[in-house]
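The values are calculated or read from the model by the stated rules, or taken from the named source; none is laboratory data. The structure displayed is predicted, hence computed values, not measured ones. Virtual Cβ from ideal backbone geometry, glycine too; neighbours counted across all protein chains shown. Note: areas computed on protein heavy atoms with side chains; ligands, DNA, RNA excluded. Shrake-Rupley method; radii C 1.70, N 1.55, O 1.52, S 1.80 Å.
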Amino acid sequence: MLRAARSGARLLLSAGGGGAAAERWPRWRLLQQAVPQAAAAAPRAVGRWLLVCSGTVAGAVVLGGVTRLTESGLSMVDWHLVKGMKPPRTQQEWEAEFQKYQQFPEFKILNHDMTLTEFKFIWYMEYSHRMWGRVVGLAYILPAVYFWRKGWLSRPMKGCVLALCGLVCFQGLLGWYMVKSGLEEKPDSYDIPRVSQYRLAAHLGSALVLYSASLWTGLSLLLPQHKLPETHQLLRLRQFAHGTTALIFLTALSGAFVAGLDAGLVYNSFPKMGERWIPDDLLAFSPVLKNVFENPTTVQFDHRILGIASMTAVTALYLFSRKIPLPRRTRMAVTSLLAVACMQVGLGISTLLLYVPTPLAATHQSGSLALLSVALWLMSELRRVPK
């Protein structure tokens, strides 16, 4: 950062042309002015970069959800970081790719009558998701190297950037580990092949952590902090906002189990599940804990409860915030959180009642990211000013 500031000072000196201008602006004063300017510009540039990165992660999450909804995720049966970037071009290459797909359970059990044209559609869906994942990796790693070399990263920020880049690489490996679970042969099983819901939840969870960390850090660098009086009510509001954000995160993560088990197709009624508030098969599996993660009925029930709890928490947070004098921008964040929560609940209920149509389900999945984003924005607005 100081190196960049000195370069800026040299440019200012050269622009002055010497003579009287140089006498009015001595070298030390130009350097003194350039250092604060560079110091102020660096965090803003890093903050904007991290917001762009969080946007690319959001795109990957949405595209991954569409890939899952269109049952395209198992169409590419191998993984190569560089070689996998080239799609088939000739008819022979497509037929060879199709033949590889035909050796795996999804084709044998579910898509045994699939044509090559239909295969191309699901293949391109998965290909788009994988290529976008590579874009995400480059969006993190290349600018990180640039900012590091420029000296624009403070020591704590270097640790943060290293963690984010490491998480991006881990996310790619975890994605392939997830896909492998759907390609494994299961003797004497005629269930529809699908990836492990545990690995799907881990893949989505790590993406949400990456997204949240990038967005939070970017907002912290770009948004000026409010100097709010540290009252007891403000402390409670801050704690309430943190708890609500954690609940929203958990609700979004539970959606991975719903998607992994196709649990959205089990009971398509609301508010009751069928004719009952609590369905008979809620605890059908043994041991009991297994129901939470493997019983589609329980998974849908849990997601409903978490969604209702999130909506209740957001509403209570909004009502409590009305009693506290807050800056205009913070008040806007609270109101936006309530509005997005209402929209997300409406999307969830509509998706359920209409038997999970792909466009509506994809919009509902995107809504979970929007809700988490606004919750993080509110947390950033309420963050404590360091002494």
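Among the candidates 374, 345, 334, 299, which residue alone is touching a residue at least 40 places away in the same chain (Cβ under 8 Å), closer than 23 Å to residue 274 by Cα and either touching a Leu at 6+ places or on another chain (Cβ under 8 Å) or surrounded by 15 or more Cβ atoms within 10 Å (Cβ to Cβ) (or both)? So that I can check it myself, show each step before the final result.
On the way: 374 fails: closer than 23 Å to residue 274 by Cα; 345 fails: touching a residue at least 40 places away in the same chain (Cβ under 8 Å); 334 fails: closer than 23 Å to residue 274 by Cα.
Answer to the selection: 299.
Being part of a helix (DSSP H, G or I), touching a residue at least 40 places away in the same chain (Cβ under 8 Å) and crowded, with 17+ Cβ neighbours inside 10 Å is the filter here, so list the residues in the range 258-292 that pass it.
Taking the range 258-292 as the starting set, the residues that turn out to be part of a helix (DSSP H, G or I) are 258-260, 263-265, 280-283, 289-292.
Checking the rest, the ones that are also touching a residue at least 40 places away in the same chain (Cβ under 8 Å) come to 258-260, 263-265.
Once the filter is applied, which keeps residues that are part of a helix (DSSP H, G or I), touching a residue at least 40 places away in the same chain (Cβ under 8 Å) and crowded, with 17+ Cβ neighbours inside 10 Å, the range 258-292 yields 258, 259, 260, 263, 264.
Does residue 118 fit the bill of being out of contact with any Phe, Trp or Tyr (no Cβ under 9 Å at 6 or more places or on another chain), surrounded by 15 or more Cβ atoms within 10 Å (Cβ to Cβ), under 17 Å from residue 67 (Cα atoms) and without any contact (Cβ under 8 Å) to a residue 60 or more places away in the chain? Write out each step before concluding.
Values: out of contact with any Phe, Trp or Tyr (no Cβ under 9 Å at 6 or more places or on another chain): yes; surrounded by 15 or more Cβ atoms within 10 Å (Cβ to Cβ): no; under 17 Å from residue 67 (Cα atoms): yes; without any contact (Cβ under 8 Å) to a residue 60 or more places away in the chain: yes.
When the stated conditions are applied, residue 118 does not pass them.
Could you list all residues from the range 225-242 that are outside any loop (DSSP other than H, G, I, E, B), surrounded by 12 or more Cβ atoms within 10 Å (Cβ to Cβ) and either under 25 Å from the mean Cα position of the chain (by Cα) or in contact (Cβ under 8 Å) with a residue 24 or more places away in the chain (or both)?
Across the range 225-242, the qualifying residues are 233, 234, 236, 237, 238, 240, 241, 242.
Using beta carbons and a limit of 7 Å, which pairs, at least six apart or on different chains, have the first residue in the range 141-165 and at negative phi and the second one among the β-branched types (Val, Ile, Thr) and open to solvent by 30 Å² or more (accessible area, probe 1.4 Å)?
165/141
Take residue 198 and decide whether it is free of Cβ contacts under 8 Å to residues at least 60 places away in the same chain, surrounded by fewer than 16 Cβ atoms within 10 Å (Cβ to Cβ) and of a type in the set (Ser, Thr, Tyr).
Numbers: free of Cβ contacts under 8 Å to residues at least 60 places away in the same chain: no; surrounded by fewer than 16 Cβ atoms within 10 Å (Cβ to Cβ): yes; of a type in the set (Ser, Thr, Tyr): yes.
The answer is no for residue 198.
Matching residues to (1) more than 25 Å from residue 221 (Cβ to Cβ); (2) at pLDDT 95 or above; (3) not polar (S, T, N, Q):
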{"site": "111", "(1), (2), (3)": "yes, no, no"}
{"site": "118", "(1), (2), (3)": "yes, yes, yes"}
{"site": "157", "(1), (2), (3)": "no, no, yes"}
{"site": "195", "(1), (2), (3)": "yes, no, yes"}
{"site": "208", "(1), (2), (3)": "no, yes, yes"}
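Is it true that residue 174 is touching a residue at least 24 places away in the same chain (Cβ under 8 Å), part of a helix (DSSP H, G or I), farther than 29 Å from residue 111 by Cα and not hydroxyl-bearing (Ser, Thr, Tyr)?
On the way: touching a residue at least 24 places away in the same chain (Cβ under 8 Å): yes; part of a helix (DSSP H, G or I): yes; farther than 29 Å from residue 111 by Cα: no; not hydroxyl-bearing (Ser, Thr, Tyr): yes.
So residue 174 does not fit the description; no.
Kindly provide the set of residues from the range 204-221 that are of a type outside the set (A, V, I, L, M) and over 16 Å from residue 250 (Cβ atoms), ordered by number.
We begin by selecting, within the range 204-221, every residue of a type outside the set (A, V, I, L, M); these are 205-206, 211-212, 214, 216-218, 220.
Across the range 204-221, the qualifying residues are 214, 216, 217, 218, 220.
Here are some residues: 274, 307, 260. Which one is more than 24 Å from residue 171 (Cβ to Cβ) and within 27 Å of the chain's Cα centre (by Cα)? If you could, list the steps in order and put the result at the bottom.
Values: 274 fails: within 27 Å of the chain's Cα centre (by Cα); 260 fails: more than 24 Å from residue 171 (Cβ to Cβ).
Checking each option against the conditions leaves just 307.
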